[in-house]
2 protein chains.
Amino acid sequence: MMSVDKRNGILRRTTSSKPKRTLRSYFIGRPLQTADAEHQTIGKAVGLAVFASDALSSTAYATQEILVILAAAGSLAMGYVFPISIAIVVLLAIVTISYEQTIHAYPGGGGAYIVARDNLGELPAQIAGASLLTDYILTVAVSVSSGVAQLVSAFPVLSDYRAIIAVGLVALVTIISLRGVRESGTVFAIPTYFFIVMMFRTVGVALVRYLTGSLGGVVDPPHLEMAETLQPITLFLILHAFSSGTTALTGVEAISNGITAFKEPRSRNAGVTLIAMALILGTLFLGISFLSSQIHAVPSEAETVISQLTRTVYDGRNVLYLATIGATTVILIMAANTAFADFPRLSALAAADGYLPRQLTYRGSRLVYSRGIGTLAVIASLLIFAFNASVTALIPLYAIGVFLSFTLSQGGMAHRWWKIGHLAPGQTKTERGSTLHADPKWRVKMFVNGFGAVCTAIVMMMFAITKFQDGAWLVLIIIPSLVFLFSRIHAHYRTVAHHLSLEHFDAPLRITRHRVIVPISSVHRGALAALRYARSLSEDVTAVHVAIDPGDGEKAQKKWETWGDGTRLVLLDSPYRLFLEPLLAYIEEIDAQRQPNEAITVVVPQFVPRYEIENALHMRTAGILREALLHRPGIVITDVPYQIE
Amino acid sequence: MMSVDKRNGILRRTTSSKPKRTLRSYFIGRPLQTADAEHQTIGKAVGLAVFASDALSSTAYATQEILVILAAAGSLAMGYVFPISIAIVVLLAIVTISYEQTIHAYPGGGGAYIVARDNLGELPAQIAGASLLTDYILTVAVSVSSGVAQLVSAFPVLSDYRAIIAVGLVALVTIISLRGVRESGTVFAIPTYFFIVMMFRTVGVALVRYLTGSLGGVVDPPHLEMAETLQPITLFLILHAFSSGTTALTGVEAISNGITAFKEPRSRNAGVTLIAMALILGTLFLGISFLSSQIHAVPSEAETVISQLTRTVYDGRNVLYLATIGATTVILIMAANTAFADFPRLSALAAADGYLPRQLTYRGSRLVYSRGIGTLAVIASLLIFAFNASVTALIPLYAIGVFLSFTLSQGGMAHRWWKIGHLAPGQTKTERGSTLHADPKWRVKMFVNGFGAVCTAIVMMMFAITKFQDGAWLVLIIIPSLVFLFSRIHAHYRTVAHHLSLEHFDAPLRITRHRVIVPISSVHRGALAALRYARSLSEDVTAVHVAIDPGDGEKAQKKWETWGDGTRLVLLDSPYRLFLEPLLAYIEEIDAQRQPNEAITVVVPQFVPRYEIENALHMRTAGILREALLHRPGIVITDVPYQIE
């Protein structure tokens, strides 16, 4: 007790209860108080490091995934990788500009869920939530799998242990997340900038060698698994490859979720960071795609395209090669870590709105949403096992969710501008908790966001169609199922809230009379303890014994004459050896005569053994009776525990 | 309510509660009343049919299991099967004579468990119990597996489905046992006598053909899997083969368990039946062993020796062949059915003595010990799956338990005669519930039982040594573990009985004052219902709210001012976001001041959703609190349920 504050008969004090030190606290650190929550802000340079890992890391696999699709039409088709990459970078530009507007409109944080909820309503918000949660899970699975693929490229001996290594890395990221290392800077800055430097150096050296004509093909490339008959180069194939490449855009939305982490002027800082990130991402992606086709890199599970490019540029698996691959692996794991921050935060937000179990809003001993972190870790690990940590197998599930949330977010913004267009100049209006300010440029801005929405919607449909049979169908089942689940959960919470609400509540009559029933299995100390308590509640006490064997009844009757203290005993013979049913029938009979000022209390002698396991040696009739009575309105159940120590 | 009987304020009535009609009752029949229990007695001819299936059915595999061992030393060694069988029949004679004496001494039923308990004490009784229970499980696994082996011999196409068919048969026997077909006669008589007739016919025809020189070898025998190097014929090998053959004796004890089922004079009738059974068993076993070696039958998983013999005698797989194999299969399944009667009965007996969970004494809707039946079915099925229904693989686990219980039973009888020898002529003495009558022939009888005990003890040790590495070691671990478990269970029940006993019980002071604590998570209808109940118990009511988020406290406080009806509210701020610990600390603080005439009641608002699954959406703090409080002496827990319907 640290402080006592007493007004109007209400006592308030702070407890000193602290979680116990356990093995757990050794791994995740000492417990933190609620007041310890940090509110540190960061500048643009650090902000880029913190939020960019997800987006930048996709350069590690996007080019390769385009090549995988094109390879089905032979080596010639693989030349299309560069034009396709240009189209993707154009899409990136559109999405970036569109999101830059969102950042200014939502300085408090404008993730797709919030934007959809504020501007489009409940169902779109639930769809955005389901898409994002699905995608965070896939971010973890894909990023970690790609990280392991880089490791395997450098050390092929690890190839058989892909899934194990990947799940081990998920466990590592889980522990880090449970510790709750805040997105606080240098820890993130070093590896991110190291990755950026190493990638620019690799791409730069490669371009110089290309221009000087000294860049050859990949030496000893991995074997390209070809189908027996080559596919023709069709529009479908090109769009299919384009869809795979759009995974490069995943993670672009991260900054719009985290605006509050930036120093003031935060929208401006966040916007500048977003544009810088998009420029770096676009440049690297184009560079890698161009060079990969020049060196005739081959998509393969055995060696990543990044690895092929790097060892071609540096002439072998030397220190520079290992540094580049190492940096790539680390940034991929950091991308997973970002999802481990976003998933629990979004699920807590959805849970607070009543779409997910409320337990997800509870912060654990380190002030992080531990249950969300655990949920993500388990599902991502299962996915990795199911797909044996293969990026190519996971990719068709990825990105639909991202583009669906892009579409909803941009669409929501467009609708917002349209509403703003209907305000008088200088007018302000608050709707669903967000404030709209009149803006003369609303038409342009509506067009920008609207165009973004249309583009991303088209890409999403293209993705769903071209990748349907590769696995996208699964996501098209999962997202609506999740939305349905959310709405059922929401309905449940609404029903409960309605039933518990104190609006129009008339306090019932005071209880002035108690009728007490004491079921006893035999006459012993436990039963007498219950009887003693029951008699202190009321004069109207009835003990009830269900005689399963005819002999039981006589024995109980005889003992009762000595120990019953004059209390009424009802013996129920049960010819079918049932215990629960006769007792419930008797209680119902009594309940049928209950008056509004009466309470019926069933006082149950509850046998409590020293160890939980010892319950297996007992009938646990008290527990069974309790479960049955809980569902009968108006009956109160009292446990008088009798401990055997 | 059918009858009401009222004396000394004790009301007695018979309830009409009947189990509901469910899918279950469709399979196992309508529920039976306790008074429906049958007490029918049977004559010798039917008694033989009822009790002999276990013993007689072992002729289906005993010869084959001897051959399996001998085969390791080549075909020549297989000639030893007949002399070994003669030795086993001598052992059978010793055991039979010994048991015949037991039957006369225990007309009320003298299984090894009872004889050991009455004459040797608790530990030997537990060992006998553990051995018998283990063996009943193996009887099911071995008999059903051998039954399936007969089927597979006739229809080799079923070979791949051995385990599935075997488990299906176990399920069938389980359902029959749950229906509770009483050991009542003709149902059992027909197949048993059919088996006896068919086997005698087969053996008889074979002998005639042998004597007339028209009995050839097995045509197209199954392939004999030989080790690369033949073992020499050593004493160890012979004893090993002898051990395998002793499985022929399993089931001999069945009659001594079931003496009460016989018509008067029951000991005499039971004794005569036992001798008849031993004669039939010995004759068939010797005949089969002799003939198998004459036709050069080969032990094989693909075709049983019985099948080889039968098709050789009848020149092919014709109707007579199928009838014989069919009869063998059926009697093997009936042997399993016998174990399904014995295991639950013995486990109920041991449970009534406090060595097994008391639930095993509870009779289900059909008056059978359903839980024992279920336990046996599950364990036997797991064994069958683990050993893929191979009789040869299961045999090393079998028979140790049988011989251990033989030894304890005969040893117990010998000790009993020794005690009788110390009585004066005509004297009677009651010890541990069994009555000893002076008997002038006690020396001879002591010698007979003692000799039986020594012989079976030697065989048991021989079995354990020769079959140790084939799997007998497992049983040598399981039986002591079971005995240890029994003694722990017994100790638990003794402790509980001691704590609950009313001897030296001084009734504590009456409760004249209640202190009531109402933990509330927030102020809603459920909490107010609990408050209403709490206020009817006492004037001393305190509501307690643990504020996990600082904002929570303020909200609760404000609502309480409106709805708290002047009741004291304590707000506990929990900086580490713990819920349970601050509450328990507060309750302990109050409890520390409790007077002997005071009761502390924690009234918990219990939220009850319509469907169990909806609990997943709630914190279930009521349940967690309840679990924690149950272990604190002197605190009563009252649930005021609030149903959401």
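Assuming a ≥ b ≥ c are the square roots of the Cα gyration tensor eigenvalues, decide whether segment B:539-644 counts as rounded (a/c under 1.5), prolate (otherwise, with a/b larger than b/c) or oblate. Note, shape of segment B:539-644 comes out rounded. Close amide H pairs (under 5 Å, H built 1.01 Å from N) link A:ALA547 with A:LEU572, A:ASP573, A:SER574, residues at least 5 positions away or on another chain. Peptide A:233-246 has a mean of 0 when you count, residue by residue, the C-beta atoms of other protein chains within 10 Å of its C-beta. Rolling a 1.4 Å probe over the protein chains gives B:ASP552 an accessible area of about 60 Å².
Segment A:82-109 and segment B:20-34 have Cα centres lying 69 Å from one another. Counted over the protein assembly as shown, the DSSP beta bridges are approximately 25% antiparallel. The angle between the Cα long axis of helix A:44-57 and the longest principal axis of the Cα atoms of chain A comes to about 90 degrees, rounded to the nearest 10.
Past 30 Å, Cα to Cα: identify those pairs from A:LYS44/A:LYS441; A:LYS429/B:LYS555; A:LYS558/B:LYS20; A:LYS559/B:LYS18; A:LYS18/B:LYS558, in the order given. As for pairs spanning more than 30 Å Cα to Cα, those are A:LYS558/B:LYS20. The angle between the Cα long axis of helix B:162-179 and the longest principal axis of the Cα atoms of chain B comes to about 70 degrees, rounded to the nearest 10.
Summarising the strand pairing of chain A, around 25 percent of its internal DSSP beta bridges are antiparallel.
Per-residue ellipticity at 222 nm, computed for chain A from helices alone with -39500 (n - 2.57) per DSSP H run of at least four residues, works out to -19500 deg cm²/dmol. Here the Karplus curve 6.51 cos²θ - 1.76 cosθ + 1.60, taken at θ = phi - 60°, turns the phi angles of segment A:255-272 into couplings of 5, 5, 6, x, 4, 5, 6, 7, 5, 6, x, 5, 4, 5, 4, 5, x, 4 Hz, with x standing for Gly and Pro. Shielding value for B:493-500 is 5, the average number of Cβ atoms from other chains within 10 Å of each residue's Cβ. Largest to smallest in accessible area, the residues A:SER289, B:SER214 fall in the order B:SER214, A:SER289 (1.4 Å probe, all protein chains included).
Quick one: buried accessible area between B and A, total over both chains, 1.4 angstrom probe, nearest 100 Å²? When B and A are taken together, about 10000 Å² of accessible area is lost.
Taking Cα atoms, how many degrees apart are the long axis of helix B:621-630 and the longest axis of chain B, rounded to 10 and kept between 0 and 90? Tilt of helix B:621-630: around 80 degrees.
Subtracting the Cα-Cα distance of A:ARG525 and A:LEU485 from 0.36 nm times their residue separation leaves 9.5 nm of extension gain. Rounded, prolate or oblate: which fits the protein assembly as shown, taking a ≥ b ≥ c as square roots of the Cα gyration tensor eigenvalues, rounded meaning a/c under 1.5, else prolate when a/b beats b/c? Since a/c reaches 1.5 but b/c is at least a/b, the shape of the protein assembly as shown is classed as oblate. Qualifying trypsin sites (Lys or Arg not before Pro) in segment A:14-108, where qualification requires a DSSP coil assignment and no more than 15 other C-beta atoms within 10 Å, comprise A:LYS20, A:ARG21. Each Cα pair under 8 Å and six or more residues apart adds its sequence gap; the mean of these over the residue count of chain A is a relative contact order of 19 percent.
Inter-copy label distances for B:PHE155: 5.7 nm (label point placed 7 Å from Cα along Cα→Cβ; shortest first).
Counting only other chain Cβ atoms within 10 Å of each residue's Cβ, the peptide A:567-580 averages 6. With a/c under 1.5 counting as rounded, go ahead and sort segment A:433-488 into rounded, prolate or oblate using the C-alpha gyration tensor (a ≥ b ≥ c being the square roots of the eigenvalues; past the cut-off, prolate if a/b is larger than b/c, else oblate). In terms of gyration-tensor shape, oblate. Residue and distance for the chain B Cβ closest to the axis that moves B onto A, in whole Å, come to B:THR638, 2. With Cα atoms defining each centre, segment B:271-305 and segment B:485-525 are spaced 61 Å apart in the structure.
The listed residues A:THR621, B:THR260, once ranked by accessible area (1.4 Å probe) with the largest placed first, stand as B:THR260, A:THR621.
Modelled this way, with points 7 Å down the Cα-to-C-beta line, the labels at A:ASN318 and B:ALA497 are 8.6 nm from one another. Approximating the spin labels as points 7 Å out from Cα along Cα→Cβ, the B:ILE190-to-A:LYS441 distance works out to 9.6 nm. Listed values for segment B:103-114 are Karplus-derived 3J(HN,Hα) couplings in whole Hz (6.51 cos²θ - 1.76 cosθ + 1.60, θ = phi - 60°), namely 4, 6, 6, 10, x, x, x, x, x, 4, 4, 5, and x replaces Gly and Pro. Take the Cα of B:PHE451, go 7 Å toward its beta carbon, and the backbone nitrogen atoms of segment B:93-109 under 14 Å from that spot belong to B:93-101. Residues A:LYS419, B:LYS555, A:LYS18, sorted by accessible area with the largest first, give B:LYS555, A:LYS18, A:LYS419 [1.4 Å probe; ligands and nucleic acids excluded].
Which of the chymotrypsin sites (Phe, Trp or Tyr not before Pro) found in segment B:474-535 are loop residues per DSSP with 12 or fewer other Cβ atoms within 10 Å of their Cβ? Counting only loop positions with at most 12 other Cβ atoms within 10 Å, the chymotrypsin sites (Phe, Trp or Tyr not before Pro) in segment B:474-535 are B:PHE505.
With Cα atoms defining each centre, segment A:615-644 and segment A:364-391 are spaced 37 Å apart in the structure.
A DSSP coil position with no more than 14 other Cβ atoms inside 10 Å describes the following GluC sites (Glu not before Pro) in segment B:486-576: B:GLU503, B:GLU539. Scalar couplings 3J(HN,Hα) for segment B:291-297, obtained by applying the Karplus form with A = 6.51, B = -1.76, C = 1.60 to θ = phi - 60°, are 5, 4, 6, 5, 8, 6, 5 Hz; x denotes Gly and Pro. Contact order, relative form, for segment A:576-645: 44 percent (alpha carbon pairs under 8 Å, 6 or more residues apart, mean separation divided by residue count). Summary for A:HIS223: label point 7 Å along Cα→Cβ; distances to the equivalent points in the other copies, ascending, 3.4 nm.
Put simply, the amide H of A:VAL604, placed in the peptide plane, has neighbours under 5 Å in A:THR638, A:ASP639, A:VAL640, leaving out anything fewer than 5 places away on its chain. Taking amide H as placed 1.01 Å from N in the peptide plane, the amide H of A:SER434 sits under 5 Å from none that are at least 5 places away or on another chain. Label point of B:GLY634 (7 Å along Cα→beta-carbon): distances to the other copies' equivalent points are 3.7 nm, sorted ascending. Contact order, relative form, for segment A:1-159: 10 percent (alpha carbon pairs under 8 Å, 6 or more residues apart, mean separation divided by residue count).
Surface composition of segment A:484-567: carbon and sulfur make up 53 percent of the accessible area, probe 1.4 Å. Plainly put, segment A:23-173 has a radius of gyration that is 1.03 times its Kirkwood radius, both from alpha-carbon atoms, as the Rg/Rh ratio.
The values are calculated or read from the model by the stated rules, or taken from the named source; none is laboratory data. Quantities reported herein were computed from a predicted structural model and do not represent experimental measurements. Methodologically, a virtual Cβ is constructed for each residue, glycine included, from the backbone with ideal geometry; neighbour enumeration extends over all protein chains shown. Just the protein is used for accessible areas: all its heavy atoms, side chains included, with ligands, DNA and RNA removed. Shrake-Rupley method; radii C 1.70, N 1.55, O 1.52, S 1.80 Å.
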